[in-house]
Every structure is written in C-alpha cells, then in structure tokens.
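The values are calculated or read from the model by the stated rules, or taken from the named source; none is laboratory data. Remember, it's a predicted structure, so these values are computed and weren't measured experimentally. Using ideal geometry, Cβ is built from the backbone for each residue, glycine included, and neighbour counts are taken over all protein chains shown. Side chains included, ligands, DNA and RNA excluded: accessible areas come from the protein's heavy atoms. Shrake-Rupley method; radii C 1.70, N 1.55, O 1.52, S 1.80 Å.
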Amino acid sequence: EALKSIYSFANSYQVQDRTIYDENTVICKKMRESLRKIESFCRRRGRLLDVGCSSGKFLWLAKRNGWSSVCGVELNKDTAQIANDNGLGVFVGELASADYSLSSFDAIHLGDVIEHVRDPADLLSRVSAFLASDGVIVLVTPNHDALFPILTFWLHRLFGMPWSHATPPHHLNQFSEKSLDKLVQKLNLKTIDKQYRGCDLRYELGETHVLR
C-alpha cells in the first residue's frame with residue numbers, strides 16, 4: 001500500500017503524462033535505445049510485454065514501430081489509466097496476478113523497475129516464465145558500482161552532501177554489474193549483451209535536494 005501511494009498522482013508521480021499520445025509526443029532517449037536493443041536481437045516483432053510500464057510511452061513507441069501486440073503491467077492505477085486511455089491494454093497490479101500465457105512473449109522490457117520491487121529474484125523468475133524460448137529481456141537499472149555513485153558517495157562521507165544514488169524511498173534494491181550477473185545466472189538466463197549509459201546529471205542533482 002505504501003508503494004501504491006508513492007507512485008500516485010496524489011504524490012505528483014507522472015502527472016505531467018496525462019495526455020493522449022500523438023506524433024508530437026516526446027519519447028526519452030533511454031526508451032528509444034531499449035527498443036532498438038530489443039529489435040536488434042528479436043527475430044520478429046510479435047508480442048511485447050513492458051513490466052512497470054507506467055503511462056505506457058514505451059508500449060506506444062513499440063506499437064508505432066510495428067509490434068503486432070503490446071501489453072503492459074503497472075502497479076499504479078493512475079498511470080495505468082493514461083496507458084489504457086491511449087488504447088494500450090495495461091493490467092493494473094503486480095505481475096504475479098496477471099493472466100498471461102507462459103512462454104508467450106517475444107520480448108519483455110524491464111525499464112528501471114527491478115530496483116523498485118521487494119523481491120527482484122521472484123520478479124525476474126516470473127518474467128522469464130512468460131518469455132518465449134528464443135525471446136529477449138531488456139533490463140535497465142542503475143549501476144551501483146559506476147563512477148558517479150562512487151564519487152558522490154565519498155562527497156557524502158567527507159562533506160555531508162546528500163547521496164542521490166540511493167533514491168529513497170523509491171529504490172528498495174541496488175545492483176552492481178556483479179550482483180546482477182549472479183541473479184541472471186541463478187535463473188538460468190543467458191546474457192547476450194551489456195550497454196552502459198551516462199546518468200542524467202540534472203536528475204541526480206535534483207535527488208540530492210542540495211539546490212533547495
């Protein structure tokens with residue numbers, strides 16, 4: 001219930017996305033890169049699932065890009081309603097309650113989701129069960145061992161500057177490359193590619209609340 005409250009319009013979460021999407025809709029670079037990554041490995045643009053799809057922009061982009069079927073799962077009813085208003089067919093609730101067929105998706109997207117959930121291993125296990133044998137998962141999460149988190153941690157230790165990387169109360173787990181590899185191997189998934197992206201400095205500085 002606490003998580004549902006955090007990700008709600010009452011707490012200003014994604015309020016700015018309350019709109020009907022069209023050709024002028026701005027899609028962030030991270031989403032476009034994730035879809036390109038999926039399409040570079042998928043043999044067909046068949047069924048795509050976005051777990052933690054928020055207001056559905058990634059699904060909308062995939063649909064425009066020729067995917068025959070797009071589905072989403074979103075915990076928060078407010079943002080899910082935006083996606084459904086755009087005709088994207090989003091299930092409101094946790095993945096464990098969604099009634100999807102096993103091995104039925106060609107691609108599954110987890111964009112900045114796994115760090116928000118209580119049990120990442122359970123989530124990824126459920127995701128892999130819905131994936132076709134030749135399907136692809138694209139998982140995006142902050143890297144706990146990247147240069148920026150390490151440097152800003154020492155700024156926090158030495159000068160008391162708030163440390164943005166932890167992002168409480170939203171991030172319940174943190175991953176390094178090593179710990180994520182261990183999780184993937186534990187679930188008998190195969191890593192086919194890794195990509196590193198720079199952080200959004202404006203967002204990170206905002207999370208420190210130093211400017212306030």
ask   = Taking the stretch 41-53 as the search range and keeping residues that are in a loop (DSSP other than H, G, I, E, B), touching a residue at least 60 places away in the same chain (Cβ under 8 Å) and in contact with a Ser or Thr (Cβ under 9 Å, 6 or more places away or on another chain), which one is surrounded by the fewest Cβ atoms within 10 Å (Cβ to Cβ)?
value = Arg44
Qualifying residues in the stretch 87-135 (those that are over 22 Å from Leu35 (Cβ atoms) and of a type in the set (Asp, Glu)) - the one least open to solvent (accessible area, probe 1.4 Å) = Asp122
Scan of the stretch 90-121 for residues that are touching a residue at least 12 places away in the same chain (Cβ under 8 Å) and charged (D, E, K, R), ordered by number = Glu94, Asp106, Asp112, Glu115, Arg118
query = Applying the selection to the stretch 54-75, what residues are under 20 Å from His116 (Cβ atoms) and open to solvent by 10 Å² or more (accessible area, probe 1.4 Å)?
reply = Ser54, Lys57, Cys71, Glu74, Leu75
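Given the residues Ser133, Ser125, which is the only one that is in a strand (DSSP E or B), farther than 25 Å from Tyr21 by Cβ and among the hydroxyl-bearing types (Ser, Thr, Tyr)?
Ser133
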key: Where a residue in the stretch 143-162 is closer than 14 Å to Leu201 by Cβ and without any contact (Cβ under 8 Å) to a residue 12 or more places away in the chain and its partner, wherever it lies, is open to solvent by 60 Å² or more (accessible area, probe 1.4 Å) and in a helix (DSSP H, G or I), with Cβ under 9 Å and at least six apart   = none
